[in-house]
C-alpha cells in the first residue's frame, strides 16, 4: 500500500518484510507498465490526459478487480477491505506522512470497497485529477471510462491472469 509513497532508496528505512513488499509492488508496477493490455487501455485516456493515462488505467483496473466475481463477491470484498484497513492501522507507525494523511479518508470512505461502484470509481478518477499538476477536468475521464467500458474490461481480463502468475512467481522467489 505504501510503495507509491516511498521514493527511491527510502525503502531501506523500513524493515526487511516491508522492503520486500515495496520491491514486489514495484516489480508488479513494471510488469503492468510493460503489458500490452495496459498499453491498449492507456490509449483510451492518452489523447486527453497524456502522462496521466497510466494512473487512470490503474484506477480502472482496480474497478474491474473489485467487480471480478472470480476474485471477490460483494461481501468478500467488503471483508477484505475491512481486514486491510485493520492491518494498516496496526502498521500505522510505518506509514509515510503523505499516506498517513490520506489513510483516514481512505478508510472512512472505504475506497477499497467503493472501487466496485460507479460512484466510487468516479470519485477515484477525480482524486487523480485533484492530485495532478496539469489537469483540472475530471468529467472527460469518466466519460471516456463509460464510453470504453467493455474495451477497458477486456484489457483488464487479458492483463489480470498474467499479472497474478507473475506476482506469485516474484512473491515465491522473495520468500515473503
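Values in this text are rule-based calculations from the coordinates and carry no lab data. From a predicted model like this one, the values you see are computed outputs, not experimental measurements. So basically every Cβ, Gly included, is an ideal-geometry build from the backbone, and we count neighbours across all protein chains shown.
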Would you please classify the overall shape of the chain from the alpha carbon gyration tensor, given that a ≥ b ≥ c denote the square roots of the eigenvalues, rounded means a/c under 1.5, and beyond that prolate means a/b larger than b/c while oblate covers the rest? rounded
Please state the Cα pair-distance histogram of region 49-105 with 10 angstrom bins from zero: what percent is in each bin? 20, 32, 39, 8
Quick note, region 1-86: a/c under 1.5 would make it rounded; otherwise a/b > b/c is prolate and the rest oblate (a ≥ b ≥ c, C-alpha gyration tensor); here it is oblate
GNM flexibility winner over the chain from 98, 26, 39 (Cα, springs under 10 Å): 98
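Based on a Kirkwood Rh over C-alpha pairs, give the Stokes-Einstein translational diffusion coefficient of region 111-176 at 37 °C and viscosity 0.692 mPa s in µm²/s.
On the way: Rh = 14.1 Å.
Translational diffusion coefficient: 233 µm²/s.
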Quickly estimate the mean residue ellipticity at 222 nm for the chain, helices only: each DSSP H run with n ≥ 4 gives -39500 (n - 2.57), and the total goes over all residues, rounded to 500. -24000 deg cm²/dmol
Compute the helix-to-body angle for 16-34: its Cα long axis versus the longest principal axis of the chain, expressed 0 to 90° and rounded to tens. 20 degrees
Calculated FRET value between residue 94 and residue 173, using beta carbons and R₀ = 30 Å, to 0.05: 0.80
Return one number: the angle in degrees, 0 to 90 and rounded to the nearest 10, between the long axis of the Cα atoms of helix 118-131 and the longest principal axis of the Cα atoms of the chain. 70 degrees
Helix 36-49 sits off the longest principal axis of the Cα atoms of the chain, rounded to the nearest 10 on a 0 to 90 degree scale, by 60 degrees
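For region 64-158, rounded, prolate or oblate, judged on the Cα gyration tensor with a ≥ b ≥ c (square roots of eigenvalues), a/c < 1.5 rounded, else prolate if a/b > b/c?
Values: a/c = 2.43, a/b = 1.21, b/c = 2.01.
It comes out oblate by the Cα gyration axes.
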